[in-house]
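Quick note: the coordinates plus some simple rules give every number you see, no bench work behind them. In this text the structure is predicted, and so the values were computed from the model without any measurement. Using ideal geometry, Cβ is built from the backbone for each residue, glycine included, and neighbour counts are taken over all protein chains shown.
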Amino acid sequence: MTNIEPYKATGLTTRDDRRTNRAISRHNAGGQIRVAAVDAETDVAMAKVEGLTMVTADAMSAVARLAQAQTQLEQQVPEASGRLAYIAETHLLCVGDMLRDLRHDLRRR
């Protein structure tokens with residue numbers, strides 16, 4: 001934003017000059033406030049995206065670790081494969097619920 005020189009018109013009284021300068025200053029201050037608000041909202045949005053990305057990556061890692069453990073246990077005890085699959089699915093559903101709740105909470109803030 002460029003600096004605006006104070007308004008000087010011939011024929012205006014000193015009182016009019018002051019009033020005009022105050023109006024210009026208020027306008028400039030309002031613009032700076034709006035720009036600062038946009039910057040703050042941008043920072044918040046970036047933080048939300050970063051946080052959600054980190055949580056999603058962690059959730060994906062947890063699901064992958066559980067799948068590996070399930071496979072190893074099924075190889076050791078094939079009779080338990082149905083039960084292990086049930087536990088793995090409930091884990092996946094809980095993780096999905098948590099991610100959905102987080103996304104919902106982030107949208108409200």
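If I filter segment 58-66 for residues that are surrounded by 12 or more Cβ atoms within 10 Å (Cβ to Cβ), of a type outside the set (S, T, N, Q), assigned to a helix (DSSP H, G or I) and touching a His at 6+ places or on another chain (Cβ under 6 Å), do I get at least one hit? Yes. Can you spot a residue in segment 19-41 that is of a type in the set (D, E, K, R), part of a helix (DSSP H, G or I) and closer than 21 Å to Leu106 by Cα? There is at least one residue in segment 19-41 that is of a type in the set (D, E, K, R), part of a helix (DSSP H, G or I) and closer than 21 Å to Leu106 by Cα. Applying the criterion of being of a type outside the set (Asp, Glu) and surrounded by 12 or more Cβ atoms within 10 Å (Cβ to Cβ) to the residues of segment 70-82, the residue that is nearest to Asp101 (Cα to Cα) is Gln70.
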